[in-house]
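Visitor: Here you go, one structure.
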Amino acid sequence: MRIFNRYYTTYDLVLLLGDVALALLSTALLRLFVHLTGLSVHWDWTLALTQGAAIAAVVILSFYYADLYAIDQTLSKRELLLRLANGFGFVCLIVAAATYLFPRLDLQDIYLLEMIVVGLGLFSWRLGFMKVLKRAMIWSRVLIVGTHRIGKMVAEELVRQKHLGMQVVGFVGAQRGQISLSVGNPIRVSLPIFPKQELLSVVERSGVNRILVAGASSIEDFPALEPVWLRLRGIPIEDCHTFYERLMSKIAITDLHPGWIALSSGFRRSPWILFTKRLIDIAVSAVGLVCSAPLALLAAIAIKLDSPGPVLYRQERVGQHERPFILYKFRSMFADAEAETGPVWAAVDDPRVTRVGKIIRKLRIDEIPQMVNVLKGEMSFVGPRPERPYFVNRLKEKIPYYSLRFSVKPGITGWAQILHEYADSEEDAIEKLQYDLYYIKNISVIFDLQIMLETLKVILFGRGAQ
C-alpha cells in the first residue's frame with residue numbers, strides 16, 4: 001500500500017488504526033463512565049467523540065515524532081518502552097496545554113484519569129502488537145530468478161524484515177549451488193540456487209506465489225513460454241529494482257540498467273509541479289528568514305565572540321545542470337580550516353568545528369542563510385544537497401548515475417538527509433545518491449511537504465548532524 005511516497009504493509013495500517021481506536025473509545029467510554037457514576041452531569045456523544053478525535057490526533061502526531069510508526073522487529077522491549085514513554089510524554093504535555101487553551105473540549109475534569117486510561121491502553125496494545133508481529137505468519141513465498149547482486153540485496157532485506165510476511169525460497173541460476181546472505185553482523189543465512197531447468201517444479205513444490213527477476217538478462221535464458229505460463233497462472237513477476245524501490249524507498253544503483261530509468265513511469269517534472277514548487281520555495285524561505293531573524297542575530301553574535309573570522313561562510317557548490325554557485329552558511333568551523341589539508345569530508349567530532357559551531361550544526365541553525373540561495377533561485381528548499389566541485393568530480397568518476405543529481409535544484413533538506421546520516425565517505429555518497437534518485441523519480445509538491453515535516457522531526461531529535 002502506497003501513501004504519498006512511502007509503501008506500508010497491513011501491519012502499519014493496523015498499528016495506526018489501533019492507536020486511533022484506543023484513543024477514541026477510551027475517551028468516549030471514560031466520559032460515559034463518569035456520567036453514569038454521577039461524577040459529571042454533562043453527557044454528549046458529540047463532545048465525547050470530539051474529545052477522542054482530538055486526543056487521537058495528538059497521539060498520532062506525538063508517536064510519529066517518537067518514531068513509533070517505524071516498525072522494527074529488532075527493537076528491544078526496553079527501547080520500545082523508552083520510545084513509548086517519550087511519545088506519551090508529548091501526548092500528556094500537549095493535551096494538558098489544550099485543556100486550558102481550548103476550554104470547550106471540557107477535558108479539565110477527566111484529564112488525569114483520561115491520561116492514565118489511554119496510557120495503559122496504548123502501552124498494552126503496543127506490547128501485544130510487537131509480540132504478534134514477531135510471530136507473523138508467512139503469506140508469500142518468493143523465488144528470485146538470477147543471482148545478480150540486486151537479487152541478493154532484496155533477499156537480505158526480506159530476511160531482515162520478517163514482519164512483511166515474505167519468505168525467500170531461493171534463487172534460480174545457471175547451476176545448483178548456495179548463496180550466502182549477510183543479514184547482520186555476524187549473522188549469515190544460506191539459500192539454495194536451483195538450476196533454471198527446475199523453475200516450474202520449484203514453483204510447484206515450494207508453493208511460490210511471487211517471482212522477482214534480478215536483471216533483464218536473467219529471464220532471457222529461459223524457454224520463452226515458461227515465464228508466460230507462470231504469469232498466466234496468476235503469479236506476479238516483478239523486476240528486483242522496482243521491488244527494492246518500493247521496499248526501501250530508494251533506488252539501488254547496483255546492477256541498474258539505463259533502460260530501467262528510461263522506461264520508468266517516474267522522473268516526470270511538469271511545468272505545474274515546477275511552478276508550484278518555486279512558489280512554495282519563495283513563501284517558505286521568506287517567512288523562514290523573517291521568523292528566524294532573532295535566532296540568526298544571536299547565532300551571529302555567538303560566532304563572532306567564539307572565534308575570529310567572518311560570521312558568514314561562503315563556499316562554491318555545484319547546482320542544477322552542474323552550474324556553480326556560492327552557498328551561504330553561518331560559519332561553524334575555525335577560519336581557514338582546510339588551508340593545510342584541502343577539501344576533506346566532515347567527520348564525527350570534527351576538530352575543525354568550533355564550540356558554537358557544534359551547537360548551530362546540531363540545531364541546523366547554520367543552514368538559515370541558505371534561504372537566501374533559495375530566494376535567488378540557486379537552490380530549492382527540498383532537493384539533493386549541493387556538493388563541492390572537488391568531491392563532485394571525484395564522485396562522478398566512481399559512482400554511476402551520480403550526474404543525475406544535477407537534473408534538479410539542490411536543496412536545504414531532502415529525502416536523503418532525513419533517511420540517512422551525514423555523508424562522510426564515498427560509501428555514504430552512494431547511499432545518499434540512491435535516496436536522491438528516488439526523490440527525483442517521485443518529485444511532487446506533496447512529497448516536498450512530507451519531507452519538510454520529516455525534517456522538523458530530524459531537527460527536534462538532532463539526528464544526522466556533524
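Visitor: Using a ≥ b ≥ c from the Cα gyration tensor of segment 112-160 (square roots of the eigenvalues), is it rounded, prolate or oblate, where a/c under 1.5 gives rounded and otherwise the larger of a/b and b/c decides, a/b for prolate?
Guide: It is prolate, given that a/c is not under 1.5 and a/b is the larger ratio.
Visitor: Over all directions, what mean area does the Cα convex hull of segment 142-182 project, stated in square nanometres?
Guide: Result: 2.7 nm².
Visitor: Which value, in nm² and rounded to one decimal, describes the direction-averaged projected area of the C-alpha convex hull of segment 156-311?
Guide: 17.0
Visitor: Using a ≥ b ≥ c from the Cα gyration tensor of segment 349-422 (square roots of the eigenvalues), is it rounded, prolate or oblate, where a/c under 1.5 gives rounded and otherwise the larger of a/b and b/c decides, a/b for prolate?
Guide: Here segment 349-422 falls in the oblate category.
Visitor: When the solvent-accessible surface of protein heavy atoms is calculated with a 1.4 angstrom probe, in what order do CYS291, CYS240, CYS92 fall, highest first?
Guide: CYS291, CYS92, CYS240
Visitor: Heavy atoms only, 1.4 Å probe, whole protein assembly: order SER265, SER332 by accessible area, highest first.
Guide: Putting SER265, SER332 in descending order of accessible area: SER265, SER332.
Visitor: Note down the accessible area of LEU29, probe 1.4 Å, to the nearest 10 Å².
Guide: For LEU29, the solvent-accessible surface is approximately 100 Å².
Visitor: If R0 is 45 Å, what FRET efficiency do you get for LEU363 and ARG188 from their C-beta distance, rounded to 0.05?
Guide: Computed FRET efficiency for LEU363 and ARG188 comes out at 0.65.
Visitor: Taking only protein heavy atoms into account and a 1.4 Å probe, give the accessible area per residue of segment 256-397 in Å².
Guide: 56
Visitor: Okay, next question. Quick one: pull the percent of accessible area on the chain belonging to carbon and sulfur, 1.4 Å probe, ligands and nucleic acids left out.
Guide: Looking at the chain in its full context, I get 65 percent from C and S.
Visitor: Turning to a different aspect of this structure: Run lengths n ≥ 4 of DSSP H only: what is the helix-derived mean residue ellipticity at 222 nm for the chain, with -39500 (n - 2.57) per run over all residues, to the nearest 500?
Guide: Rounded to the nearest 500, it is -16500 deg cm²/dmol.
Visitor: While we're here: Going through the DSSP H helices of the chain, which span 18 Å or more along their own axis at the Cα atoms while scoring at least 0.5 as a mean Kyte-Doolittle hydropathy?
Guide: What comes out of the filter, once short or polar helices are dropped, is 10-36, 45-65, 77-101, 111-134, 271-291, 293-306, 445-461.
Visitor: With all distinct Cα pairs included, what does the Kirkwood hydrodynamic radius of the chain come out to in Å, to one decimal, could you say?
Guide: Result for the chain, one decimal place: 25.6 Å.
Visitor: A follow-up question, please. Percent of alpha carbon pairs in segment 359-466 separated by more than 19 Å?
Guide: 43
Visitor: How large is the charge dipole for the chain, taken about the Cα centre, if only the Cβ atoms of Lys, Arg (+1) and Asp, Glu (-1) carry charge, to the nearest 20 debye?
Guide: 200
Visitor: Let me ask another. Ranked highest first by average number of other Cβ atoms within 10 Å, how do 206-212, 412-418 line up?
Guide: 412-418, 206-212
The values are calculated or read from the model by the stated rules, or taken from the named source; none is laboratory data. These numbers come from a predicted model, not from an experiment. Every residue, glycine as well, gets a Cβ built from its backbone with ideal geometry; the counts of neighbours run over all protein chains shown. Note: areas computed on protein heavy atoms with side chains; ligands, DNA, RNA excluded. Shrake-Rupley method; radii C 1.70, N 1.55, O 1.52, S 1.80 Å.
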